[in-house]
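Notes for the one structure printed next.
The values are calculated or read from the model by the stated rules, or taken from the named source; none is laboratory data. It should be emphasised that the depicted structure is a prediction, and the values quoted were computed from it without experimental measurement. Glycine also receives a Cβ, built like all others from the backbone with ideal geometry; neighbour counts cover every protein chain displayed. Remember, those area values only see protein heavy atoms, side chains included, never the ligands or the DNA or RNA. Shrake-Rupley method; radii C 1.70, N 1.55, O 1.52, S 1.80 Å.
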Amino acid sequence: MTKTDNTSRCGPETLSIPAAADTAPDTPAEALADRLPARLFAPYLASAVALAMAYGSSFLLPDALRAVGHPAATAGHVVSIGTVATLVGSLAAGRLAERTGILPLIIASATIMAAAMACFAMIGTGGLVLAYAGGLFLGLGWAIVYVLAPVQLIHCLRPSVRLEALTLLSGSQMLGIGLSAPLGRAVASHVGAPAGAYACYAAFCAVAAALCLAIRPRMAAQPQLPLRAVALSGASILSILRAPTIAPVLMIGVAACTFAGLSMFQGLYAASRGTTPDIFFLAFTITTVVLRFSVASLLGKLPLPRLALALFGATFLGIGLLSLNESSRITYSVATVLFATGYGLTYSTLNAMVVSLAAARGLSIPVASQVFTLGYFVGLFGFPSLAGTVIAADGIDAALLVMMGLAGANIAGACWVSRRDRADREPAAHR
């Protein structure tokens, strides 16, 4: 068999990727599509935007509770229930997908998220029970969507184009989250209550389910990898954590820590500099969305480890500039753009890397992608508690130094992966 028969590549000078172990004999990697037809991909991305808007609606929850006479602080307990449901849903997603298929499960999850939005809309009549039910449904539905949406693309596309598709997907999700706040405020202002905004989000979830339902037959007709070895188990998770695939899993967890720390405590940072956190959130969202949609087609042509190294470098510089900034809004904006440039493309780059490493070593691609997402959730949900402790003891600047250290650790990790990649490719070049 020639080299082209048993390997494929993510782009020039990138990780070599043998045909995936979970590729069926009648569906070789070469039979997968170079890109999904627009009539499939566009509705898929539109559904991602709609569901991400619903997920981002949690910012309205304190107002919704206060509007019907409940303490705004109860929102924290609702979000905590949603966090637990997110972790449970992440662990169960693969096992459920093996039984139902990915797209049908995404459709069901969109329906669950619509139910969550309906619960939040009816807190005034149903009380706090509906608020807690909404938190549970939202966490469960979003977890399954977030874990499986990339896996669906990975199963349908050749390795060389996965990074572009994953970047567009993450850009769509970020666009939805970014649009959620202004849209929710506008609707709530127009109808006079947050309940109207949640009714709107419920409709968006229903539209997302309908879009996925409409493309399901045509998506099923696409050549794709079979749904086996998708369920997470202790053994399958350990297989990823004991292999070089652990590197991108750790790196996304660390990257999520920096994002969670900056976004959660941005109000404290802005107050310490005499400015407004709106600068951060606006600049971050615009930069991230524009980058993900504008450079997606170029990323697959770059070596993944070197790309990750450059992104972590930008992240480090952005946090460093935030730390050095005293009160300049211009510096605040530039630092945010730097951070957004680095972090904004990190998720899809590392997701493609973990898939590539898993395929090269005969490990399950869907399991690798799911463990990667779990690593992200661990960093996202776990770090704010640590950052809060540091801030309480030493202030926001100490927390920024901790986040700079985390970004530096990711730079070291990317250097290690890059050296290992070169070492792996040099013997192959001389065979």
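Values as computed for the structure displayed
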{"read-out": "Inter-probe distance in nm under a simple model that places probes 7 Å from Cα toward Cβ, at residue 398 and residue 100", "value": "4.6"}
{"read-out": "Sequence-distant residues sharing a close amide H with residue 362 (under 5 Å, placed H)", "value": "21"}
{"read-out": "Estimated FRET transfer efficiency when R0 is 51 angstrom, pair residue 419-residue 129 (beta carbons, to 0.05)", "value": "0.40"}
{"read-out": "In order through the stretch 257-269: 3J(HN,Hα) via Karplus (6.51 cos²θ - 1.76 cosθ + 1.60), integer Hz, x for Gly, Pro", "value": "4, 5, 5, 4, x, 5, 6, 5, 10, 5, x, 5, 4"}
{"read-out": "Low-density loop positions, trypsin sites (Lys or Arg not before Pro), the stretch 216-259 - DSSP coil, at most 16 other Cβ in 10 Å", "value": "228, 242"}
{"read-out": "Cα-based shape type of the stretch 329-386, given that a ≥ b ≥ c are square roots of the gyration tensor eigenvalues and the cut on a/c is 1.5", "value": "oblate"}
{"read-out": "Surface per residue (accessible, 1.4 Å probe) for the stretch 154-204, Å²", "value": "34"}
{"read-out": "Area projected by the alpha carbon convex hull of the stretch 244-348, averaged over all directions, nm²", "value": "6.4"}
{"read-out": "Accessible area of the stretch 36-231 belonging to carbon and sulfur atoms, whole % at 1.4 Å probe", "value": "70"}
{"read-out": "For residue 275, residues with placed amide H under 5 Å, excluding near neighbours", "value": "none"}
{"read-out": "Most fluctuating residue given options 32, 238, 87, as computed from a GNM of the chain linking Cα atoms under 10 Å", "value": "238"}
{"read-out": "Vicinal HN-Hα couplings computed from phi for the stretch 137-153 (Karplus, 6.51 cos²θ - 1.76 cosθ + 1.60; Hz; Gly/Pro x)", "value": "5, 5, x, 5, x, 5, 4, 5, 4, 5, 6, 8, 4, x, 5, 4, 5"}
{"read-out": "Percent accessible area from carbon and sulfur atoms, the stretch 232-423, protein chains only, probe 1.4 Å", "value": "71"}
{"read-out": "Cα gyration tensor shape for the stretch 232-423, rounded if a/c is under 1.5, else prolate or oblate", "value": "prolate"}
{"read-out": "The chain: C-alpha gyration tensor shape, a/c 1.5 cut-off, then a/b vs b/c", "value": "oblate"}
{"read-out": "Top of 62, 248, 305 by mean-square fluctuation, Gaussian network on the chain, Cα under 10 Å", "value": "62"}
{"read-out": "Where the stretch 218-373 is the region considered: accessible area per residue in Å², 1.4 Å probe", "value": "35"}
